[in-house]
Amino acid sequence: MLDIARIKAITLDLDDTLWPIWPTIQRAEQALADWLAHRAPGAAAVFADSKARLAVREHVVQTRPEMCHDLSAIRRESIRTALHRSDEDTSLAEPAFEVFFAERMRVELFDDVLPALAALSARFPIVAVSNGNAHVGRVGLGQFFVDSVSASEFGAAKPDARIFHAAAGKAGVSAAEVLHVGDDAALDVLGALGAGMQTVWVNREQHVWRHAEQPHHSVGSLTELVVLLA
């Protein structure tokens with residue numbers, strides 16, 4: 001059961017908690033392929049084909065395991081690899097990534113997000129904690145967050161307890177005083193539980209919980225979270 005009186009700060013996941021991630025990624029993939037089409041058609045064909053794109057990504061992950069926590073680095077290296085394999089200009093990798101990244105920041109928020117963030121940030125410091133490479137400032141939500149911790153910058157990803165502890169530190173509180181809110185049962189809920197935090201599972205799709213350890217509470221929307229903490 002949630003101990004609301006103990007909550008001094010909130011850590012919050014981003015992808016699939018504040019916006020659906022796959023429509024965003026699909027638009028970014030298309031923007032990347034379109035940009036490459038007239039500059040590097042061989043690499044463009046790779047990123048236009050899901051199987052070829054995933055094969056390149058898997059190659060990068062296997063050969064560069066030090067990048068496993070950094071999605072931006074994996075993306076850059078995937079573009080560079082596709083260009084190299086197509087005998088095309090590898091110096092295009094960085095501007096191509098910037099095209100992808102700009103589109104990746106164009107997220108479509110769930111309807112409950114803005115009013116919920118306004119209500120929650122008025123009561124608690126909120127720190128973003130994400131394994132992805134979204135930036136709260138660039139997606140237009142920076143005013144609601146006191147700070148953020150991303151796996152790519154921190155060097156470790158959820159469910160590693162260290163990233164949760166770092167987020168608690170950004171909020172200036174102990175892990176026991178943090179409520180972590182996120183959609184991923186393993187990465188968010190089990191990870192935060194292992195870090196000593198209270199947890200709320202955002203279950204928008206009404207999935208069945210399949211783990212022995214339980215979240216302190218589950219909600220179907222951030223509106224329900226605001227009501228829960230009122």
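General remarks:
- Restricting attention to the range 168-207, the residues that are in contact (Cβ under 8 Å) with a residue 24 or more places away in the chain, under 23 Å from Asp112 (Cβ atoms) and surrounded by fewer than 18 Cβ atoms within 10 Å (Cβ to Cβ) add up to 1.
- Filter result (closer than 26 Å to Ala161 by Cα, of a type outside the set (Gly, Ala, Ser) and out of contact with any Gly (no Cβ under 8 Å at 6 or more places or on another chain)) within the range 114-128: Leu117, Leu120, Arg123, Phe124, Ile126, Val127
- Wholly enclosed helices (runs of 4 or more DSSP H) of the range 56-156 bearing at least 1 residues β-branched (Val, Ile, Thr): 71-85, 93-104, 113-121
- Any hit, the range 27-35, residues being over 20 Å from Arg106 (Cβ atoms), outside any loop (DSSP other than H, G, I, E, B) and at pLDDT 95 or above: no
- None of Val227, Val181 is under 21 Å from the mean Cα position of the chain (by Cα), under 22 Å from Ala122 (Cα atoms) and among the β-branched types (Val, Ile, Thr) except Val181.
- Residues that are crowded, with 17+ Cβ neighbours inside 10 Å and not small (Gly, Ala, Ser) within the range 41-56 comprise Val46, Phe47, Arg53, Val56, listed in sequence order.
- Check on Ala93, buried (at least 18 other Cβ atoms within 10 Å of the Cβ) and in contact with a helix residue (DSSP H, G or I) (Cβ under 6 Å, 6 or more places away or on another chain): yes
- Tally, over the range 129-138, of residues that are out of contact with any His (no Cβ under 8 Å at 6 or more places or on another chain) and touching a residue at least 40 places away in the same chain (Cβ under 8 Å): 5
- Residue check for Ala73: within 22 Å of Lys158 (Cα to Cα), surrounded by fewer than 18 Cβ atoms within 10 Å (Cβ to Cβ) and either touching a residue at least 24 places away in the same chain (Cβ under 8 Å) or assigned by TED's automatic domain parsing to the domain that holds Ser150 (or both): yes
The values are calculated or read from the model by the stated rules, or taken from the named source; none is laboratory data. Nothing here was measured: the structure is a model prediction, and the numbers come from that model. Virtual Cβ from ideal backbone geometry, glycine too; neighbours counted across all protein chains shown.
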